[in-house]
Structure formats: C-alpha cells, structure tokens
Amino acid sequence: MALVTVTIDGQTVQVPAGTSVLDAARSIGIKIPALCHDPDLTPVGACRLCVVEIENMRNLPASCVTTCTEGMVIRTNTEKVIEARRTILELLIANHPLDCLTCEKSGSCLLQEYCYEYGVTSDIYAGEKHSYPIEDSNPFYLRDMNKCIVCGRCIRACEEIVGRSILDFAYRGFNTKVGPFMDTPIGESECVYCGSCVAVCPTGALTEKNMVGKGRKWEAKKVKTVCPYCGTGCTIDLNIKDGKVIGVTGNPDGDVNGRFLCVKGRFGYQFIHSDKRLKTPLIKKDGVFKEATWDEALGLVASKLKEVKEKSGPDSIGFLSSARCTNEENYLLNKFARAVVGTNNIDHCARL
Ligand code: SF4
Ligand code: SF4
Ligand code: SF4
C-alpha cells in the first residue's frame with residue numbers, strides 16, 4: 001500500500017494514501033473534536049468542528065474530509081483553529097436548550113464535552129429557540145429535536161448501516177429538522193426500531209426510553225456477552241448498575257456487528273429481571289405445572305427417553321436444537337443424540 005508522509009503539530013507520520021487528516025492525527029494520539037464525524041459512517045464535513053490549519057491552503061479545511069498528501073504540514077491547535085472551533089460551538093448552542101442538569105445524555109454528550117473543553121459557557125448569539133414537543137410515537141426511543149444539532153449521523157446510520165433510509169433533513173435554514181418523509185412521527189414511518197440512530201447520536205436528541213432515569217451512561221459497568229436472540233451472534237455489552245441490567249449496547253469491537261444491533265438485541269432485555277421468568281423446572285402433574293428440582297426434572301426426562309428407546313428403538317426419538325444456543329451447547333446436544341441415545345435424528349432451526 002502506498003504511504004504518504006505528513007507532519008502534524010511537529011510530529012512526522014506515515015499513513016496509507018487516502019487517509020484523512022483527522023484519522024492521521026488521531027492515529028498518533030492528537031485529539032481533534034468532531035460532532036458529525038463517526039468512524040463507522042461516511043465523512044461529510046458538516047459540523048466543521050474538526051477544522052485545522054494546513055500550510056499553503058486557504059481557510060481552515062475540515063480535517064475529516066481532507067485527504068493527507070505527501071509533505072503536508074498540518075497544525076491542529078493554533079489560535080485561529082481554537083477560535084474557529086469556539087465560534088462553531090457558540091453557534092451550535094445558540095438555540096440549544098442547555099438543560100444538561102436533567103438531560104439523559106449529560107456526561108456522555110459530545111456537545112457538552114467540547115463546550116467544556118473550549119470554555120464555551122454561554123450562548124452569546126442568543127436568539128430564537130425551537131420548542132418542538134418531545135416525540136414519543138414509538139415504544140423504544142424518544143426524539144427531542146430541540147437538542148438536535150443536525151449533524152446527520154442518524155441519517156447516515158439509517159441509510160448506510162441499516163439500509164432503511166427512514167430519515168433525512170426536512171425544511172431549510174433555521175427550521176432544518178431531521179425526520180421521516182413528510183416529517184411524520186417515527187411511529188408512522190417504516191422504522192424497524194433497531195436504534196442505530198440512537199447509538200450514533202452525539203447529543204441527547206435521541207434517547208432510549210427504557211434507560212431514562214436509570215442512571216448515567218458512564219456509571220454503567222459494561223459486561224461483554226453474546227446476544228441471546230439469534231444465530232448471528234452479535235456481541236453486546238450489558239450495561240449494569242447496582243446489579244441490574246439497565247440497557248444493552250452493541251460492543252464496538254464485536255466482529256459481527258460493532259455498535260449496531262437489531263430491535264430485539266438492543267431493546268429486548270426486560271426478560272432478564274422479569275418476575276414472570278422461570279427460575280425452576282416445572283413438571284406437569286394431573287394437568288397442572290408444579291415446581292420441581294433439577295434432579296427431579298432431569299431424572300424424569302432420562303427415564304422417559306429410556307422408556308421410549310426400549311419400547312420403540314432410538315430412531316423413534318428426535319432432537320431439535322437452536323441457533324440461540326452456543327456452538328458448545330449445540331455440539332453437546334449432537335453428542336448426546338448420537339453417542340448416548342444412538343440416533344442421527346437431530347436438526348437445527350438455522351439449517352433451513
Ligand atoms: S444534549 Fe448535551 S448539551 Fe444538550 S442538554 Fe443534553 S447534555 Fe446538555
Ligand atoms: S431505529 Fe433504525 S430503522 Fe429506525 S430510524 Fe433509527 S436507524 Fe433507521
Ligand atoms: S438526531 Fe442526533 S444524530 Fe440525528 S442529526 Fe440530530 S443530533 Fe445528529
């Protein structure tokens with residue numbers, strides 16, 4: 001692969017041709033703020049927060065959409081750059097609600113983080129503000145378009161990752177708003193509620209309903225596991241606080257899925273703490289299920305299998321396995337069918 005050599009803040013680095021200035025800087029630990037940029041999505045250079053100074057270039061180019069070329073000399077933290085970023089943040093918060101005290105995203109909001117870092121403390125361009133009602137038209141996530149900074153990450157995630165293209169920019173200028181076709185409520189759109197838009201939103205504009213009030217995102221301990229729903233085997237992080245699962249997020253390093261999940265994997269975790277969940281085996285006696293011990297339940301299954309095998313032969317028994325089980329569990333069932341019971345009658349839902 002062809003390499004190019006650039007100098008960033010005095011450090012010389014070689015990167016593959018085609019690398020953006022933003023990625024080159026981040027690869028050597030130089031922090032550049034960016035709101036519309038997401039490593040999983042096409043860069044668009046919309047928020048302009050990632051501007052840098054490049055020798056022999058006019059103006060301040062957005063580093064996420066500027067490609068490194070041989071010999072480029074880049075400076076990421078000059079007075080001019082800092083001033084430009086501060087102005088962009090001031091303009092962004094000019095019509096922002098600034099209710100960080102109660103905002104679900106507080107502590108993990110990029111807008112809040114950058115305003116803190118750049119010392120943007122008040123909205124010096126105070127003027128008209130939006131007062132959209134919070135949209136609550138679906139069971140899974142809330143949309144507060146007053147906190148939307150029109151970065152377009154949700155639009156690109158829905159189009160590029162999910163392939164649904166539910167969202168786009170509507171209206172123009174100050175009234176620009178993200179939403180489904182004809183600005184209908186999400187609940188009336190073709191949204192499949194995968195929550196990918198929620199996962200990439202840098203502010204509190206999109207929040208998962210079930211997590212509201214359960215704790216700050218950064219307070220949750222993340223425990224890596226596999227989604228229990230299908231054979232795709234997405235890697236998920238259980239978000240745990242005070243011993244309870246308060247949410248599920250895609251694991252960024254998950255080979256299958258990264259941060260992205262389907263509606264079941266992301267939102268279908270309430271069964272974990274449901275009081276309707278079965279905690280002991282049940283054995284039907286006189287038509288009624290009664291709680292039993294594992295020894296009783298397994299003993300009953302073993303005796304019934306033995307009885308059927310002795311009476312009608314091993315091939316009168318069949319085993320159905322599931323893609324929800326791990327490979328190891330499926331392997332064990334296969335071994336049990338063939339080696340213990342003595343039949344090859346074993347099938348799996350994922351075979352079809
Ligand atoms: S979205 Fe971010 S900046 Fe806006 S109120 Fe919430 S935490 Fe504060
Ligand atoms: S939940 Fe999924 S399908 Fe619906 S708008 Fe968001 S990304 Fe698109
Ligand atoms: S809803 Fe979130 S991700 Fe979508 S444009 Fe607004 S701030 Fe960006």
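The values are calculated or read from the model by the stated rules, or taken from the named source; none is laboratory data. Being a predicted model, the structure only gives us computed values, none of them experimental. Cβ atoms come from the backbone with ideal geometry, glycine included; neighbour counts cover every protein chain shown.
For this structure, a couple of remarks:
- Every condition in (1) more than 16 Å from ligand 1 (Cβ to nearest atom); (2) crowded, with 17+ Cβ neighbours inside 10 Å; (3) under 19 Å from Pro39 (Cβ atoms) is met by Lys222 except one, and the failing one is (2).
- Test set (1) at pLDDT 95 or above; (2) farther than 25 Å from Ala220 by Cβ - Cys148 fails condition number: (2)
- Residues located in the range 102-153, provided they are of a type in the set (Asp, Glu) and touching a strand residue (DSSP E or B) at 6+ places or on another chain (Cβ under 8 Å): Glu104, Glu135, Asp136, Asp144
- Listed by first and then second residue, the pairs with beta-carbon distance under 8 Å, at least 6 apart or on different chains, first residue in the range 187-208 and under 19 Å from Leu92 (Cβ atoms) and among the aliphatic types (A, V, I, L, M), second in a loop (DSSP other than H, G, I, E, B) and away from ligand 1 (no atom under 16 Å from the Cβ), are Val200/Asp38; Val200/Asp40; Val200/Leu41; Val200/Arg259.
- Close pairs from the range 214-230: first of a type outside the set (A, V, I, L, M, F, W, C), partner at pLDDT below 90, Cβ under 8 Å, at least 6 apart: Pro228/Arg324; Tyr229/Arg324
- Scanning the range 299-321 for residues that are part of a loop (DSSP other than H, G, I, E, B) and within 44 Å of the chain's Cα centre (by Cα) turns up Ile317, Gly318.
- Segments classed as strands (runs of 3 or more DSSP E), wholly inside the range 93-181, with at least 1 members that are surrounded by fewer than 17 Cβ atoms within 10 Å (Cβ to Cβ) and either touching a residue at least 40 places away in the same chain (Cβ under 8 Å) or more than 13 Å from ligand 3 (Cβ to nearest atom) (or both): 177-180
- Yes/no for Lys214 being more than 16 Å from ligand 1 (Cβ to nearest atom), at pLDDT below 95, farther than 30 Å from Thr326 by Cα and among the charged types (D, E, K, R): yes
- Lys264 satisfies every condition listed in (1) surrounded by 17 or more Cβ atoms within 10 Å (Cβ to Cβ); (2) out of contact with any Asp or Glu (no Cβ under 8 Å at 6 or more places or on another chain) except (1).
- Residues satisfying the stated conditions in the range 192-213, i.e. within 18 Å of Tyr132 (Cβ to Cβ) and within 14 Å of ligand 2 (Cβ to nearest atom): Cys197, Val198, Cys201, Ala205, Leu206, Thr207, Lys209
- Of the residues making up the range 234-260, those that are surrounded by fewer than 16 Cβ atoms within 10 Å (Cβ to Cβ), part of a loop (DSSP other than H, G, I, E, B) and not acidic (Asp, Glu) are Gly243, Pro252, Val256.
- Being within 9 Å of ligand 1 (Cβ to nearest atom), out of contact with any Leu (no Cβ under 8 Å at 6 or more places or on another chain) and within 27 Å of Tyr193 (Cβ to Cβ) holds for only one residue in Asp99, Asp168, and it is Asp99.
- If the condition is being at pLDDT below 95, over 31 Å from the mean Cα position of the chain (by Cα) and farther than 24 Å from Thr42 by Cβ, then the range 57-101 contributes only Arg58.
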